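**Student:** Starting off with a structure, shown below.
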Amino acid sequence: MCQQPRLHVGCGMHRLPGWLNTDRAVLNRHGVMYLDARKKLPFSDDTFSFVFCEHFISYLTLAEASAFFAECHRILKAGGTFRIATPTWAFLNELETGSDPRYRAYVHWASRDFFGMDYDSPCIVTNSLLFSAMGGKSVYDEEFLKWVLAQVGFSEVIKTRVGQSEHPELRGVEGHGNFVPREINELETVVLEASKS
């Protein structure tokens, strides 16, 4: 393991060099370790300097996510950072109510190019993102996510941007922008970094 051990949870096909890349669906392929984040994580207390997950927590129920966050806190070293990138309720709400043309463009792109529909609809996009196509089980807004992280012991939770961090190890780790247009990824994704004191 590297000098500053780093855990990537739910990596899919986006493997990060120098990280322990894990996923429940990708079994021991290309150096990816099997990990079911709904269960107790198979690591000792205070093991990792950094834990990262991207577009993953919506696949957990609220209870599963809270338990996962507590496990991330447990396995992080003091001073370690947990980085989460996820779509939020505010983003989904803007799809319906926002007057910003970027949201209308997103609905058009997602309806047609991503979900293969002949009709632009925020309802189709929201249902597909949350339930049918992606199998989502929960959604957060920024404040609720910060609150849940604080409840499991994280001391400071800050918002940052896709690809940016005060920690060099956490800069540019997101890979969702490799599968959707970069501007779409930046529009739909909120990034939080939670510190363990």
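Please treat every number below as a calculation from the coordinates, not as lab data. Treat the numbers as computed from the prediction; the structure is a model and nothing was measured. As a convention, Cβ positions derive from the backbone with ideal geometry for all residues, glycine included, and neighbour counts pool all protein chains shown.
**Student:** Pairs of Cα atoms under 8 Å, at least six residues apart: use those to get the relative contact order of the chain, whole percent.
**Tutor:** 21
**Student:** Taking just the C-alpha trace of the chain, give me its Rg and Dmax in Å.
**Tutor:** 16.7, 51
**Student:** With a point put 7 Å past each Cα toward its Cβ, work out how far Gln4 is from Asn127 in nm, to one decimal.
**Tutor:** Between Gln4 and Asn127, the simple spin-label model gives 4.5 nm.
**Student:** Would you work out which of Ile84, Asn21, His55 lies farthest towards the positive end of the dipole of the chain, given +1 charges on the beta-carbon of Lys and Arg and -1 on that of Asp and Glu, about the Cα centre?
**Tutor:** So the residue furthest toward the plus end is Asn21.
**Student:** For the range 9-80, run through the GluC sites (Glu not before Pro) and keep only the ones in DSSP coil with at most 15 other Cβ atoms within 10 Å of their Cβ.
**Tutor:** Those that pass, being in a loop and sparsely packed, number zero.
**Student:** Which residue, Phe43, Phe69, Phe154, tops the fluctuation ranking in a GNM of the chain built on C-alpha contacts under 10 Å?
**Tutor:** Its mean-square fluctuation being the largest, the pick is Phe43.
**Student:** Show the residues, 5+ positions off or on another chain, whose built amide H is closer than 5 Å to the amide H of Val51.
**Tutor:** The list, which skips near neighbours in sequence, is Leu7, Thr81, Phe82, Arg83.
**Student:** Nearest 20 debye, what's the magnitude of the dipole of the range 92-135 about its Cα centre given +1 on Lys and Arg Cβ and -1 on Asp and Glu Cβ?
**Tutor:** Numbers: 3 positive and 6 negative charges, 12 e Å.
Dipole size: approximately 60 debye.
**Student:** Hey, another quick one. Exposure proxy check: Ile124, Ile57, Ile75, Ile158 ranked by fewest other beta carbons within 10 Å?
**Tutor:** Ordered by Cβ neighbours within 10 Å, fewest first: Ile158, Ile124, Ile75, Ile57.
**Student:** Take the Cβ-Cβ distance between Tyr119 and Thr61 as r, set R0 to 35 Å, and report the resulting FRET efficiency rounded to the nearest 0.05.
**Tutor:** 0.70
**Student:** Only Cα pairs under 8 Å and at least 6 apart count here; give the relative contact order of the range 92-135 as a rounded whole percent.
**Tutor:** Details: 31 pairs, mean separation 13.0, N = 44.
Across the range 92-135, relative contact order equals 30 percent.
**Student:** Per DSSP H run of at least 4 residues, take -39500 (n - 2.57); add these up for the chain, divide by its residues and hand me the 222 nm value, nearest 500 deg cm²/dmol. The partial results should precede the final answer.
**Tutor:** Details: 6 runs with 58 residues, N = 197.
Taking each H run of at least 4 residues, the total per residue is -8500 deg cm²/dmol.
**Student:** Hey, another quick one. Using unit Cβ charges (K, R positive; D, E negative) and no other charged atoms, how large, in debye to the nearest 20, is the dipole of the range 32-183 about its Cα centre? Each step should come with its number before you reach the end.
**Tutor:** Working: 15 positive and 20 negative charges, 56 e Å.
That gives a dipole near 260 debye.
**Student:** Now for a different question. What net charge do the residues around Leu92 carry, taking every other residue with its C-beta under 12 Å from that of Leu92, with Lys and Arg at +1 and Asp and Glu at -1?
**Tutor:** Every neighbour counted, the sum reads -4.
**Student:** At 37 °C and a viscosity of 0.692 mPa s, what translational diffusion coefficient does Stokes-Einstein give for the range 92-135, taking Rh as the Kirkwood radius over Cα pairs? Give it in µm²/s as a whole number.
**Tutor:** 322
**Student:** Residue by residue through the range 51-66, which ³J(HN,Hα) values in whole Hz follow from phi under the Karplus form 6.51 cos²θ - 1.76 cosθ + 1.60 (θ = phi - 60°), with glycine and proline marked x?
**Tutor:** 10, 9, 9, 9, 6, 10, 5, 5, 7, 9, 5, 4, 5, 4, 5, 4
**Student:** Then there is this: Near Lys137, which lysines are there with a Cα under 21 Å away, not counting those fewer than 8 places off in the same chain?
**Tutor:** The reachable lysines, counting only those whose Cα sits under 21 Å from Lys137, are Lys39, Lys40, Lys146.
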